[in-house]
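Working notes for the structure below.
The values are calculated or read from the model by the stated rules, or taken from the named source; none is laboratory data. All values reported here derive from a predicted model rather than from experimental measurement. Here the Cβ is made from the backbone with ideal geometry for all residues, glycine too, and neighbour counts use every protein chain on show. When the accessible area is computed, the model is the full protein with side chains, heavy atoms only, and any ligands, DNA or RNA have been set aside. Shrake-Rupley method; radii C 1.70, N 1.55, O 1.52, S 1.80 Å.
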Amino acid sequence: MVPRSAPDGAGVPGTDTTTLPDATELAELRRVAELVAGEAAAHLRTLPAPRETGAVGTKSTPTDVVTESDRALERLVRDRLAELRPGEPVFGEEAAGDAGAARWVVDPIDGTVNYLYGLPWYAVSVAAVQDGVSLAGAVVEPASGRVWSAAAGAGATCDGVPLRVTTETDLAQSLVACGFSYDARRRERQAAMMAALLPKVRDLRRTGSAALDLCGIAAGQLDAYVEHGINWWDWAAAALVAREAGAVVRVRPAPGRPRTDGDELGEDVTIAAAPGVAAAFEELLREAGAADV
């Protein structure tokens, strides 16, 4: 263990000092995340479509769906992590766990509604964490096979190719991604915020997968992203990918941990942006009423 970058309140390494694993251990955690997420994605491609089998339920609202595939993939990931990293606790979307003790955070399918409808924008996300901070992680897109990954201080890649955010400096020319809550009343507030943003940016995109939106920031496919209410499993791997590619990132903290980067844009907001537009984007969000979403 050596002193490295510490958490900054965004759940990814920041600027203070703390003790994190050395580069060898971080590389191993990244390898395991890539391996297990890749195996889960491959397994998902063998499963029957949930709309054909009817193996679909709901969670927080009637629009918040869960499929048997979600549960099957999380079981696979947990089993494989138990084999490869015995004794390390897992926190996942479907089977939960002890968030405070978690060493791994898992989202078996981020973008389940897309998966349910046969749209290709969904992903498997596996992250190694320490005290709520992401150390390494992988996001695998089953439909394309693309593997996005990162480790703290070691950069981010897609299929082994280094990633870097855009050099855009004009917010009016920026492509912005967003997402919406499953709660109808909150959606209405989010829609009002996005309506205020739309005339002042190039355009908006809504893919339905927070993990892929954050990876899109890392790849320079998007200039900025904002969403209120996403969970730890949604961003644990992908926010690290974005930050290691050079993005300015602030995310909703891990469960039970306070926000330390300010909540003037909403205590559960997640934001990622290229450095050249980050400050202007946050100011625009303030003007658009992000704090009231």
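Overview of results
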item	result
Directionally averaged projected area (convex hull, Cα atoms, the range 145-184), nm²	5.6
Within the range 167-197, backbone nitrogen closer than 13 Å to the virtual label 7 Å beyond the Cα of residue 204 toward Cβ	176-181, 187-197
Solvent-accessible heavy-atom area per residue, rounded to whole Å², over the range 21-152 at 1.4 Å	39
For the range 189-206, 3J(HN,Hα) per residue [Karplus equation, 6.51 cos²θ - 1.76 cosθ + 1.60, θ = phi - 60°, Hz, x = Gly/Pro]	5, 5, 4, 5, 4, 5, 5, 6, 6, 3, x, 10, 10, 4, 5, 10, 10, 9
Share of alpha-carbon pairs per 5 Å distance bin for the chain, given as whole %	1, 6, 13, 18, 19, 18, 13, 8, 3, 1, 0
Net lengthening on full extension, residue 221/residue 58 (0.36 nm per residue, minus Cα-Cα)	55.5 nm
Positive-end residue, the chain charge dipole about Cα centroid, Cβ charges, pick of 50, 194, 255	50
Whole-percent carbon and sulfur share, accessible surface of the range 136-293, 1.4 Å	49
Estimated vicinal HN-Hα couplings, Hz - the range 117-124 in sequence order (Karplus 6.51, -1.76, 1.60; Gly, Pro = x)	8, x, 7, x, 8, 8, 8, 9
5 angstrom amide H check on residue 20, placed H, neighbours 5+ away	2, 4
Binned Cα-Cα distances of the range 26-134, short to long, each 5 Å bin given as a whole percent	2, 12, 24, 24, 17, 12, 7, 2, 0
Label-point separation in nm, residue 172 to residue 88, each point 7 Å along Cα→Cβ	4.8
Size of charge dipole - the range 193-268 - debye, nearest 20, with Cβ of Lys, Arg +1 and Asp, Glu -1, no other charges	120
